[in-house]
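Below: the structure, in structure tokens.
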Amino acid sequence: SVLRPCICCRLTPPLQSAAYRGLVNLGIGSVGGAPVAGCSAADASRLGVIVTGMRGGVLLTEELLANGLPIDGISGSLVGGIPSSNPLAVPADPPIAPHNCGRTSIADVKEDEFTADLISFLSHRRGRYIDRSKFPDAVLNGMTLDLFSLYKEVVTRGGFRVGNGINWKGQVFGRMRNWTANNRQTGVGNSLKKHYANLLWEYEQAHPQDVVVDRCTLCGRGEEAGATDWIACDSCNSWVHFSCDKRPNLGTFDDYANAEQPRSYKCPNCARAEARAAGRGAAAAARAA
């Protein structure tokens, strides 16, 4: 494919350096191993949304690009006509065709096969060779980014469009090789979302069969309900619409979607089971006394 100048190169000269600094501030120095100056039109569109939070040719300001825009400040989007709670989940235009690669199902695929398929897809998609020995060039918590676990944990929780309904730091990061008990890195949730947007989101769109789409365990409906406040139970991993959970004193959806210090969410079924177990334990202790 023909590579076009990225968003940085199409800006007027005074804004180019500011635009590049804005991307770097967001942790984007390269896409798939290539500098942002060589990104494709699709890359530019996605990065433009990440930096500006706007679409449709809105003029970018030097201050906005130099400082970056917090992810929480970006408005929502539609993915395949379905409301998305993830502003980074901007679908490709035109849509990405299914990648008929014959890869083993996501439940059974081994990491080597997944990585080879991902590199093949990205090389074809972005029109350049990717050296497997240097892929990925992203680092998290001092270690090479564990893309295999990152992808599996996200697609089995409804996919990237779910956004903050996934506890990125608690549910995803904790199952990656990058996790350590004494982790001191800040901004882990947002870093994972940005890495996913750069390296895995297009691949997910080309492999829709990988995404496990659940139904709300409270209302029984799925995407047709139109709700975007999906949240996964930290105990059983089942999905609910947060707005369907009418228990008092739950707080707000944002309390659980906070990327850095999310509250632990337990669905009503798990909460009741824990309460019953605690009651039995207390009764047994009383009898023993």
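Anything in region 180-208 that is open to solvent by less than 30 Å² (accessible area, probe 1.4 Å), aliphatic (A, V, I, L, M) and outside any helix (DSSP H, G or I)? List them, or say none.
The answer is L200, and nothing else.
For region 112-141, enumerate the residues that are under 20 Å from the mean Cα position of the chain (by Cα) and within 22 Å of W179 (Cα to Cα).
Within region 112-141, F114, T115, F135, P136, D137, A138, V139, L140, N141 meet the criteria.
Considering (1) closer than 30 Å to A97 by Cβ; (2) crowded, with 20+ Cβ neighbours inside 10 Å; (3) aliphatic (A, V, I, L, M), say which one I231 fails and leave the rest.
Going through the list (1) closer than 30 Å to A97 by Cβ; (2) crowded, with 20+ Cβ neighbours inside 10 Å; (3) aliphatic (A, V, I, L, M), I231 breaks only (1).
Among the residues of region 222-234, what is the count of those that are outside any helix (DSSP H, G or I) and in contact (Cβ under 8 Å) with a residue 12 or more places away in the chain? Can you show your working first?
Step one: list which residues in region 222-234 are outside any helix (DSSP H, G or I), which gives 222, 226-234.
Remaining after also requiring in contact (Cβ under 8 Å) with a residue 12 or more places away in the chain: 226-234.
Of the residues in that region, 9 qualify.
Yes or no, residue by residue, for (1) open to solvent by less than 30 Å² (accessible area, probe 1.4 Å); (2) without any contact (Cβ under 8 Å) to a residue 24 or more places away in the chain:
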position: N100; (1), (2): no, yes
position: K110; (1), (2): no, yes
position: E113; (1), (2): no, yes
position: I119; (1), (2): yes, yes
position: G127; (1), (2): no, no
position: D131; (1), (2): no, no
position: V139; (1), (2): no, yes
position: L147; (1), (2): yes, no
position: T156; (1), (2): no, no
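Determine whether R247 is more than 28 Å from Y151 (Cα to Cα) and in contact with a helix residue (DSSP H, G or I) (Cβ under 8 Å, 6 or more places away or on another chain). Spell out how you get there, then give the answer.
Details: more than 28 Å from Y151 (Cα to Cα): yes; in contact with a helix residue (DSSP H, G or I) (Cβ under 8 Å, 6 or more places away or on another chain): yes.
Judged against the criteria, R247 is a match.
Table: residues versus (1) in a helix (DSSP H, G or I); (2) of a type in the set (V, I, T); (3) modelled with pLDDT under 85; (4) in contact with a Pro (Cβ under 6 Å, 6 or more places away or on another chain).
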{"residue": "D72", "(1), (2), (3), (4)": "yes, no, yes, no"}
{"residue": "L88", "(1), (2), (3), (4)": "no, no, yes, no"}
{"residue": "P95", "(1), (2), (3), (4)": "no, no, no, no"}
{"residue": "I106", "(1), (2), (3), (4)": "no, yes, no, no"}
{"residue": "D112", "(1), (2), (3), (4)": "yes, no, no, no"}
{"residue": "D117", "(1), (2), (3), (4)": "yes, no, no, no"}
{"residue": "L122", "(1), (2), (3), (4)": "yes, no, no, no"}
{"residue": "R125", "(1), (2), (3), (4)": "yes, no, no, no"}
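Would you point out the residue of region 244-264, among those that are surrounded by 14 or more Cβ atoms within 10 Å (Cβ to Cβ) and either modelled with pLDDT under 90 or of a type in the set (A, V, I, L, M) (or both), that is farthest from K169 (Cα to Cα)?
Our first condition is that a residue be surrounded by 14 or more Cβ atoms within 10 Å (Cβ to Cβ); within region 244-264, this holds for 244-245, 253, 256-259, 262-263.
Subsequent filtering for residues that are either modelled with pLDDT under 90 or of a type in the set (A, V, I, L, M) (or both) retains 253, 256-259, 262-263.
Working: F253: 16, Y256: 11, A257: 10, N258: 9, A259: 7, P262: 8, R263: 11 Å.
That would be F253.
Collect the residues in region 158-189 that are aromatic (F, W, Y) and without any contact (Cβ under 8 Å) to a residue 60 or more places away in the chain, keeping them in residue-number order.
Residues of region 158-189 that are aromatic (F, W, Y), as a first pass: 160, 168, 173, 179.
Correct list: F173, W179.
So which residues in region 130-164 are touching a Gly at 6+ places or on another chain (Cβ under 7 Å) and part of a helix (DSSP H, G or I), if there are any at all?
The one that is touching a Gly at 6+ places or on another chain (Cβ under 7 Å) and part of a helix (DSSP H, G or I): K134.
The values are calculated or read from the model by the stated rules, or taken from the named source; none is laboratory data. All values derive from a computational prediction rather than experimental measurement. In this analysis, Cβ positions are derived from the backbone assuming ideal geometry, glycine residues included, and neighbour counts consider all displayed protein chains. SASA here: full protein model, heavy atoms, side chains in, ligands and nucleic acids out. Shrake-Rupley method; radii C 1.70, N 1.55, O 1.52, S 1.80 Å.
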